[in-house]
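Have a look at the structure below, then the notes.
What follows is calculated from the coordinates using simple rules that are stated; it is not laboratory data. These numbers were taken from a predicted model, which means no experiment stands behind them. Reconstructed Cβ throughout: ideal geometry from the backbone, glycine too, with neighbour counts over all protein chains shown.
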Amino acid sequence: MGAQQRVYKAKINSTSSLRKIFKAMELIAASRIQKAVARAQAASPYAREITRAVSVVATQSNVDHTLTTEPDTIDRAAVVVMGPDRGFAGAYAANVIREAEELITLLKGEGKEVDLYTVGRKAETFYTFRDREIVRSWTGFSEAPTSAYAREIGEALLESFETDFNDGGVDEIYLVSTVYRSAVDRQPEYRRLIPLEVVEEDEAAPAARSAAAHDEVFPLYEFEPSAEKVLDALLPRYIDARIQSALLSAAAAEQAARQQAMKTATDNADDLIKTYTRLANTARQAEITQEISEIVGGVDALAASGPSD
């Protein structure tokens, strides 16, 4: 019985040590969520205004730009999978990869070839382990993405899009990432990045307009030097803003998932400690009972033998 107590005591000590680690990681993730959400909110005004600017140029000019024109045929698509660099985030990485796999299956079902781009070590490891070719990968910044990383990804995707299909280029590009709406609402989604699906300016936010502004007339714009050159300058910035927005939202979702996973791990550790403590007490009581039984049995044996002659 003493051996069992030692085993349970060792399990209690190891589980307590793990619980301290889980609790610390939970608190760290909780503190980082607010910072990640603040960064995402700080970037949203720029993304909103540049979206409006692109919408104005695209809807008020008759320019057929490469990035805004639907190609006649789409033979190859690029899929950018935005996953985490680290684990301990529950099913966060698995959900993103599952969404990407559904998109890849859908695209291949339409007869399209698929080029894989990954962000984060988890996505890279998943496809590398399965011998899936990755055109390019980026790692090391999933928790704190910056505009420089978004620009680097955008430039690589634009270069691939502007390359002819026969030379290895792609005809459309999709982003797969987790969209953060709240601490409990995080859903992986895929969205097409290029060709751009620009919303008409007078349809961009109908719910936000008041009745008095319903008949508002938008100003006419003159583009200098030309609408096409304005689009050439705006669209790369628009793409970078979209990518950065996706990265920041994914970073907030990753921290929220990690905080929730570590809280669950802490609660499970508490339950294990209670279970092991109860088992250790039971083993100790059984040991005491056995010792008492042995003592009583010895006394009865002595009493039964009687006094010696």
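Summary table below
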{"quantity": "Mean-position separation - Cα centroids, segment 221-260 and segment 119-180, in angstrom", "calculated": "15 Å"}
{"quantity": "Overall form of segment 100-179 per C-alpha gyration tensor (a/c, 1.5; a/b vs b/c)", "calculated": "oblate"}
{"quantity": "Segment 88-136: C-alpha gyration tensor shape, a/c 1.5 cut-off, then a/b vs b/c", "calculated": "oblate"}
{"quantity": "Degrees between helix 227-305 axis and first principal axis of the chain (Cα, 0 to 90, nearest 10)", "calculated": "10 degrees"}
{"quantity": "Longest exposed-site-free window of the chain, the sites being trypsin sites (Lys or Arg not before Pro) in a DSSP loop that have at most 16 other C-beta atoms within 10 Å", "calculated": "210-309"}
{"quantity": "Span from the segment 51-109 Cα centroid across to the segment 1-49 one, whole angstrom", "calculated": "32 Å"}
{"quantity": "Counting DSSP beta bridges with both ends in the chain, the antiparallel % (nearest 5)", "calculated": "40 percent"}
{"quantity": "Percent RCO, i.e. relative contact order, over segment 63-181, from Cα pairs under 8 Å lying at least 6 residues apart", "calculated": "36 percent"}
{"quantity": "Value of relative contact order over the chain, rounded to a whole percent, pairs C-alpha under 8 Å and six or more apart", "calculated": "34 percent"}
{"quantity": "Share antiparallel - DSSP beta bridges, segment 98-190, percent rounded to 5", "calculated": "65 percent"}
{"quantity": "Degrees separating the helix 92-109 axis from the principal Cα axis of the chain, which is the longest one", "calculated": "50 degrees"}
{"quantity": "For the chain, with +1 on Lys and Arg beta carbons and -1 on Asp and Glu, the positive-most of Gln5, Ser245, Gln41 along the dipole", "calculated": "Gln5"}
{"quantity": "Contour minus Cα-Cα distance for Glu152 and Ala3 (0.36 nm per residue)", "calculated": "47.7 nm"}
